[in-house]
1. Placing unit charges on C-beta atoms (Lys and Arg positive, Asp and Glu negative, everything else neutral), compute the dipole magnitude of the range A:5-73 about its Cα centre in debye, rounded to 20.
2. Among DSSP beta bridges whose residues both lie in the protein assembly as shown, state the antiparallel percentage, nearest 5.
3. Cα centroid distance between the range B:48-126 and the range A:1-38, in Å?
4. Which ordering of B:ILE197, B:ILE76, B:ILE183 is given by a fewest-first count of other beta-carbon atoms within 10 Å?
5. Between B:PHE307 and B:VAL207, what is the label-to-label distance in nm when each label sits 7 Å out along the Cα-to-Cβ direction?
6. Starting at the first residue of the range A:46-60, write each ³J(HN,Hα) from the Karplus equation 6.51 cos²θ - 1.76 cosθ + 1.60 with θ = phi - 60°, in whole Hz, x for Gly and Pro.
7. What's the local net charge at B:CYS62, with K and R +1, D and E -1, over the other residues with C-beta under 9 Å away?
8. Please compute, for peptide B:113-123, the average count of beta-carbon atoms on other protein chains lying within 10 Å of each residue's beta-carbon.
Amino acid sequence: MCLSIPAKILSVDGLMAKASVNGAIVNTSLHLVEDIKPGDYVLVHTGFALQKISEEEAMETLKLLAELDQGNENTML
Amino acid sequence: MKYMDEFRDAALVKKITAAIKNRSQKPLRIMEVCGGHTLAIRKFGIPQLLPSHIELVSGPGCPVCVTDRTAIDRVIAFTRVPGVKLATYGDLLRVPGSESSLDLEKAHGADVNIVYSSLEAIEMARANPNRKIVFTGIGFETTTPASAVAVIEAAKLGLNNFFVFSMHKLMPPAMDALIEQGIRIDGYIGPGHVTTIAGADMYNALVEKHKIAIVVTGFEPVDLLQAILMLVEMHEENRAGVEIQYRRAVTVSGNPKAREMVSAVFEVCDEHWRGLGKISDSGLRLQRKYKAFDALQNIPVDVPQAFEPPGCICGEVLRGISRPNDCRLFGKACTPANPVGACMVSGEGACQAYYNHG
Ligand code: SF4
């Protein structure tokens, strides 16, 4: 029950939204978040959107990792 | 971006693994304190990718696992009160109490209902005005806001038949208690979604007190490995502090709206944890102004102190002292189909994660 999954918001109706999790459609409450619109990705936990996922930060993390210095090549597997 | 495949990329996994091997010299003991991490670490085979001097141990991070057995007995006792209809998350059903479980009670006709969201319990209360709905509030910082929303909604709707039994717990006091008990932890993989809500700043006091390294982490293989690399670097440089790996979902201050709702409804109290005992200021109870919705105050039941099942070492597993396979019941008398202890019940429990994924 700790699990929270990334879901894409499909439509918003007041404090409720429909979201897609790998193609499955789930009802999601928006009580805990603000300014959510269709197309946003949110983390869903026990039926509540916990937070909007930041695309900018995700790209930044991946960019940093792409540039990661692995260290001495010789010791690599 | 789907926030999944990108963080399961095999080339990135290889690259980070190589960097860990290169940079890590000193023995390192890392604990994860979120059941979601325990499951992901086992499922993705993370330990097999690490040098043998880096040890990963599970901690008290699965909500049903750390719920004291007396609390389970109390939930069962609520279902035996005439007029009560129980609304609970499914994870709780098979957790063994002293003599029974919710599952067994349900099989014998108790009114036990699984809900996915706390708002379904509110719906249940509206649809059944002559019944008392008891909702089991369980979970850490991640799940508590859902219970707070339900109480606020119940007050708004003027419901007089909705009650929460709060077993909610706070993570930092447990992380503190483990170090206080002398358990060796060189770094914590910080719980991602707990921190999404509460904010990375909530660990500042812990870092200040114990000079510990904490990296708040996501749940995909790339996330976990990057966090381990960050912990390796902090350890090699003797650096304490809180760092955020899971930047796409976590900030220093968390989710202000969720935090506000929690502090409007709940207040801190002492709480009993399975395996860890009583920890000061580690639980949450309803504030006085919401006492009309507190199951403990409105539906009295008498429940004696419960004891752990003989042979089960859940308490040691939850403190990172023993591993599930150190238990002599593991995989024999205790399996996911027939759990003896709570750690075998949930997919996020250490015993079940070890059983399913090795
Ligand atoms: S294997 Fe079963 S009995 Fe042993 S510690 Fe885990 S839950 Fe308890």
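1. Values: 5 positive and 11 negative charges, 106 e Å.
Roughly 520 debye, rounded to the nearest 20.
2. The answer is about 45 percent antiparallel.
3. Computed from Cα coordinates, the inter-centre distance equals 25 Å.
4. Numbers: B:ILE197 26, B:ILE76 23, B:ILE183 15.
Ascending Cβ contact count within 10 Å gives the list B:ILE183, B:ILE76, B:ILE197.
5. It works out to 4.4 nm between the two label points.
6. 6, x, 10, 6, 8, 5, 6, 8, 8, 5, 4, 5, 4, 5, 4
7. -2
8. Values: counts 0, 0, 2, 5, 9, 5, 8, 3, 0, 0, 0.
Mean number of neighbouring Cβ atoms from other chains: 3.
Read the figures in this text as sums done on the coordinates, not as results from a lab. Not measured: the values here are computed from a predicted model. Because the Cβ atoms are built from the backbone with ideal geometry, glycine has one as well, and the counts that use them run over all protein chains shown.
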